[in-house]
1. Select from P19, S56, T115 the residue farthest towards the positive end of the dipole of the chain; place +1 on Cβ of Lys and Arg, -1 on Cβ of Asp and Glu, and compute about the Cα centre.
2. Taking springs between alpha-carbon atoms closer than 10 angstrom, which of P48, P107, P24 fluctuates most in the Gaussian network model of the chain?
3. Using θ = phi - 60° and the Karplus form 6.51 cos²θ - 1.76 cosθ + 1.60, what ³J(HN,Hα) does each residue of the range 30-47 get, whole Hz, x for Gly and Pro?
4. Please give the calculated 222 nm ellipticity per residue for the chain, where each DSSP H segment of at least 4 residues contributes -39500 (n - 2.57) and the sum is spread over every residue; nearest 500 deg cm²/dmol?
5. Can you tell which of S99, S56, S38 shows the greatest fluctuation in a Gaussian network model of the chain with Cα springs below 10 Å?
6. Determine the principal axes of the Cα atoms in the chain, then give the extent along each, sorted from largest to smallest and rounded to whole angstroms.
7. Over the chain, calculate the relative contact order: mean separation of alpha carbon pairs under 8 Å at least 6 apart, over the residue count, as a percent.
8. Q49 to D2: FRET efficiency via 1/(1 + (r/R0)^6), r the Cβ-Cβ distance, R0 25 Å, to the nearest 0.05?
Amino acid sequence: MDDPYFPLLQEVIAKAYAPYSRFPVAAVARGVSGTHYSGVNVENAAYPQGWCAEASALSAMVSAGETELTEIAVMATGDAICTPCGGCRQKIREFGTSSTRVLCYGPEGLRATYTLEELLPHSFGPDHLK
Ligand code: THU
């Protein structure tokens, strides 16, 4: 099956700026239009000022005028499946729905797929403020 994420993730992860953790991460967000928005983690010498790849990809999506997320793919190295951190799950929640898919890749390919509901059950979201 054709996988648009894998080649994009491979290309983008090479641009990750992770000199401190040496843990490069790439993310590709798919907006409802079908457009893909990529991003990487961007670390900082003042460690807490760094941010995750998912935040970069979502920022690119919103900057392009899209606020509806259908899928997000994440690639990292290491043996463990790299699922989005807690903060990123909440960021994904802002633009996704319970059925938004989160695809987790390693350098060799897809490792696992989750729904946002699986990763962030009973979530707080924009509807709470209505
Ligand atoms: N990181 C991400 O970019 N996304 C994740 O899903 C997990 C962690 C980054 C943050 C930091 O730059 C490095 O990975 C190590 O935590």
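1. Selected residue: P19.
2. Top of the fluctuation ranking is P48.
3. After applying 6.51 cos²θ - 1.76 cosθ + 1.60, I find 10, x, 4, 5, x, 6, 9, 10, 10, x, 10, 6, 10, 8, 8, 4, 8, 2 Hz.
4. -7000 deg cm²/dmol
5. Most flexible of the set in this elastic network: S99.
6. Here the spans come out as 42, 41, 29 Å, largest first.
7. It rounds to 20 percent for the chain.
8. Efficiency at R0 = 25 Å is approximately 0.10.
Any read-out appearing in this document is the output of simple, stated calculations on the displayed coordinates, not a laboratory observation. All of these numbers come straight from a predicted model, not from anything done at the bench. Cβ coordinates were reconstructed from backbone atoms using ideal geometry, including for glycine residues, and neighbour counts include every protein chain displayed.
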